[in-house]
1. By how many degrees, between 0 and 90 and to the nearest 10, does the Cα long axis of helix 462-471 differ from the longest principal axis of the chain?
2. Taking the alpha carbon gyration tensor of segment 30-77, what are the square roots of 5 times its eigenvalues, largest first, to the nearest whole Å?
3. For segment 351-445, just the Cα set please: Rg and Dmax, both in angstrom.
4. Where does segment 1-113 land on Rg/Rh, using Cα atoms and the Kirkwood Rh?
5. Please list, by residue number, everything in segment 106-146 whose backbone N is under 20 Å from a paramagnetic label point 7 Å out along Cα→Cβ of Thr16.
6. Once fully extended, how much extra length lies between Lys530 and Leu215, figured as 0.36 nm per residue of separation less the alpha-carbon to alpha-carbon distance?
7. Dividing the alpha-carbon Rg of segment 375-498 by 2.2 N^0.38 Å yields what?
8. So what is the accessible area of the chain per residue, in Å², with the probe set to 1.4 Å?
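The values are calculated or read from the model by the stated rules, or taken from the named source; none is laboratory data. All values reported here derive from a predicted model rather than from experimental measurement. Here Cβ is always computed from backbone atoms with ideal geometry, including for glycine, and neighbour counts include all displayed protein chains. For the accessible areas, the whole protein counts, side chains as well, though only heavy atoms, and no ligand, DNA or RNA atoms are used. Shrake-Rupley method; radii C 1.70, N 1.55, O 1.52, S 1.80 Å.
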Amino acid sequence: MLPFSNNQILKSLVQTKVIPETEAEKIKEEIKKTKKNIIAYLVEENIVTEKMVYNSIADNLKIPFIDLKNQIINPEILFTIPEPIAQSHEVIAFAKNSEEISLATLDTEDIQIFEFLERKTGLKTKIHLTYPESFKAGLKQYHKGLKATFKDITGPKTKKTEAKDKNLKKLAEDLPVIRIVDSVLEYAMFENASDIHIEPSEGEIVVRYRIDGILKDVMTLPKTVQSGIVARIKVLSDLKLDEHRLPQDGRFKVKNKENEVSFRVSILPVMDGEKVVMRLLWESGKILSLEDLGLQKYALETVKRNIKKPHGMLLVVGPTGSGKTTTLYTILNILNQPGINISTIEDPIEYRMERINQSQVNSKIGFTFSNGLRALLRQDPDMIMVGEIRDSETADIAVNAALTGHLVLSTLHTNNAIGTLPRLMEMGVPSFLVSSTTNIIIAQRLVRKICPNCIQSYNLSEKEIEELNKKFNMAEILKTMVNINTIKSKNILKDILFYKGKGCKQCNNDGYKGRIGVYEILEITPEISKLITKKVSDAEILAAARNQKMITVIEDGFIKAKNGTTSIEEVIRVTKE
């Protein structure tokens, strides 16, 4: 996608007297007919060169123009911007002084990246417009600089040289290795990645980020830097440099002016070396409100009502990566008052919260969830958060804590709210205790939000409707949407407008930016409690819950798809079981 409109380009060419206005009108008509890229058309027809187009736009915008083709950029300046950021945001640093840094870009409207660079460098940014061929020439200088430094840090490309442990500490301290690792970390933070995967293969190293729940390739590095990168991460995490056969786990922090990020490191031996996975935990991140999480009005009222109860269990369930911990922290933040003693037992501690006593599980020394929970109860807490109920012992202690006047918050790995009840019973908790101690069960998934900058509406095709009817009970879903006034009773599926993201620079052409939860909330009312005690089927409990206005995860997903928050494709992706 061009960062400039056809009209803007033609207007610039006319105002800078590169082409006459009469010719501009002819070009506009021709572009409408052929639907060609305007710059490609101008170049193909030998009307102007690509460089002339961008130079004219720069003149019209009254910003300087730069050609990087014959410029040699100082590596120290060039590497101010990590290569992945330079590529994805089409911006290169080429000069700087004590007050400002000069940037060459193809998109002068990408304010987000310019502000990021000002915060990072502490310098004002001076924006220059360049053109695609010039930009590619600038990018090539990254590879020249890295190739030269790779030779210095790796020496002869033999496995023996790489494997010598006595050289690992020296490798970890080499500036090029530090630069590579810093780039990997900086870019992950900038893109709000949740995980970094550094994966060795036979001939190269692939770096991938998990962004909004999806793994994406971001860069490929030469095999020769593998030892240096792994050694650098081990040094940062205080791990054993000479251990290559056993898994290792560690942690380190990165601080900048705005954020404090903790990186949880896992290193695993694989066939072609050691794979590194780093989880980003934003310790200074903003705690969300219940409204921010994406709860519908009725579900929101139900949760607010239940977190005010002085005792009982509040359980958040769903698969790994469904945002359960974020929901628990949000509730904890609401409950965190001066007159209340709150203690947690977690693995890991993902967010640090003032005035809350947070404990980290350490299975190596026998500090498990069950042992930790038992110890917490001797500390006279009013509320307890248990990171996860994994076994019958933890379940038993949690239930008894809820029974004896404590509010207990925890998570389980189940696919839906109803399925949590038999899961607890399988762990040995009697049905009468499940019914009398459980206040509310929140089941959830995370869906990607449609990028607001490139959102567009559409109607479902006959084939798409047929596929949806095969996957879901669409009659039931439409009935729920009518009941909560999302659609009118006369609407049929083919008439409903849904939404998707076209893809733009703001979302890296994904069509999505950010995530939000889809939920189902099971409140254990007296009626539901009686059914649990009687050990009736899940279907009977579900029917009773539906009578209490419970909306399922799938229905909540379709409501958010109708409202333009997410897409139907996302709902299908996260709810398939």
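1. That works out to roughly 40 degrees.
2. Value: 29, 13, 9 Å, ordered largest first.
3. Rg then Dmax for segment 351-445, in Å: 13.4, 37.
4. Expressed as Rg/Rh, it is 1.03.
5. Once the point is set 7 Å along Cα→Cβ of Thr16, 106-110, 126-138 turn out to lie under 20 Å by backbone N, inside segment 106-146.
6. 109.0 nm
7. Compared with the compact-globule rule of thumb, segment 375-498 sits at 1.55.
8. Result: 49 Å² of accessible area for each residue.
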